[in-house]
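Sharing a structure below in structure tokens format, with a few things to ask.
The values are calculated or read from the model by the stated rules, or taken from the named source; none is laboratory data. Note that this is a predicted model, so its numbers are computed, not measured. No Cβ is skipped: glycine too gets one built from the backbone with ideal geometry, and neighbour counts run over all protein chains shown. Only protein heavy atoms, including side chains, enter the accessible area calculation; ligands, DNA and RNA are left aside. Shrake-Rupley method; radii C 1.70, N 1.55, O 1.52, S 1.80 Å.
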Amino acid sequence: IEKRNRPGVHFVVRLNHDCLDTSRAQALPARPSLSSLAAMALASWSTVSGETKRILVAFFGFLTGDEPKAKPRAPITDGYTDLLVFLFLSALVFFLNWGFRKALVEPLAAKLLGKRSTKSKVQKFAQSCMEMVFYAAFTVFGYYVVPGQVWFWPSSLWWSQHSSGEDLLVTDTVKAYYLLYASRYAQGIISVLIEHKRKDFWEMQVHHLTTVSLIGISYAGGWNRVGAVVMALLDPADVPLHVAKQFKYIGDARGGRVQKTMQLGADIFFVIFMVLFAVMRLGLYPYVVWSAHREGPTFFKYGVGASSCVALLYVLLGLQVYWFALILKVAIKVVTSGGAAEDVRSDDEDEDEEEETKKLK
């Protein structure tokens, strides 16, 4: 078909006669209706809820000695099932965290701290209380789940089965522990934006983002064994830290003899925190980083995913060194000037009072 558009210019269109033959034409796929989209969403939700139920039943069954028998499985990538389970658990943990905090912990904190306390102190006490609960719970989970795995030790077992693909396989219990751990830190990324802002706000965001990224890459790339070991090592130290902070908040609010007693409790738990931090995070954790950096490559060649995991492990190690330097700063202050042990990441008391004064004005 030749068409003259304007003088001197021709546009030529050649049509294959087959294109005009309706008997050979293929029907275009119909656009999905709202009902079909709803059916697909329900099917996806059914799969996600079913998988969530399965791993949680296995997880709590393991803790109570009644774990359902099931073979280890590879990550489920079809339909992004595991990713959706992670997002669902993140939302669930977020709402449980803030629901308990607002409905139970903050009213209890207000009574414990008394009328002399400020709103910011009540919020910080509640925040520390929930952190203590999370760290304590996952310390217990890690203690029961990780050492009981056949690959827990020696560290060569973290890497030796990579070539066969067996390191991709995880039990439902380990999968639940892994995804719950990631969900806890994913909700923490949002919670930090809502909570009373601390001096190490950006360091905490880097820590949470690094942790979630490391968990995701390690889970998808077959590094779940070393990932589970890291999780079990990093949680215990923070339990006495948050106990010490709560002692201090109560003492500062109550004053008098109560303050002396509470400060003694805070100092004792701060020492326990220092010891656990030094042993778990600067003693044992660097060995895991060394194993990932040096021992792992002797079993298989690292790709982009594996190299990313090593880099993220070093980022976490750098944060541990930074935080321990802050801890030593507090310890030196207590020994040399007789000051009280306190969380150097929190805002100063003067800052809290200034904020309250501004609100009253």
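Identify, please: which residue in segment 115-143 is more than 16 Å from Gln246 (Cα to Cα) and at pLDDT 95 or above and is, among those, most open to solvent (accessible area, probe 1.4 Å)?
Tyr143
Hey, another quick one. So, in segment 154-172, of the ones that are in contact with a Pro (Cβ under 8 Å, 6 or more places away or on another chain) and of a type in the set (A, V, I, L, M, F, W, C), which residue ends up most open to solvent (accessible area, probe 1.4 Å)?
Only one residue tops the list, namely Leu169.
To keep it simple, each residue is scored yes or no on (1) polar (S, T, N, Q); (2) within 12 Å of the chain's Cα centre (by Cα); (3) at positive phi; (4) buried (at least 17 other Cβ atoms within 10 Å of the Cβ).
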site	(1), (2), (3), (4)
Gln187	yes, yes, no, yes
Thr211	yes, yes, no, yes
Ile215	no, yes, no, yes
Asp238	no, no, no, yes
Phe247	no, no, no, yes
Ile268	no, no, no, no
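Then there's this: Check Arg257, Arg294 and return the single one that is assigned to a helix (DSSP H, G or I) and modelled with pLDDT of 95 or more.
One residue alone meets the criteria, Arg294.
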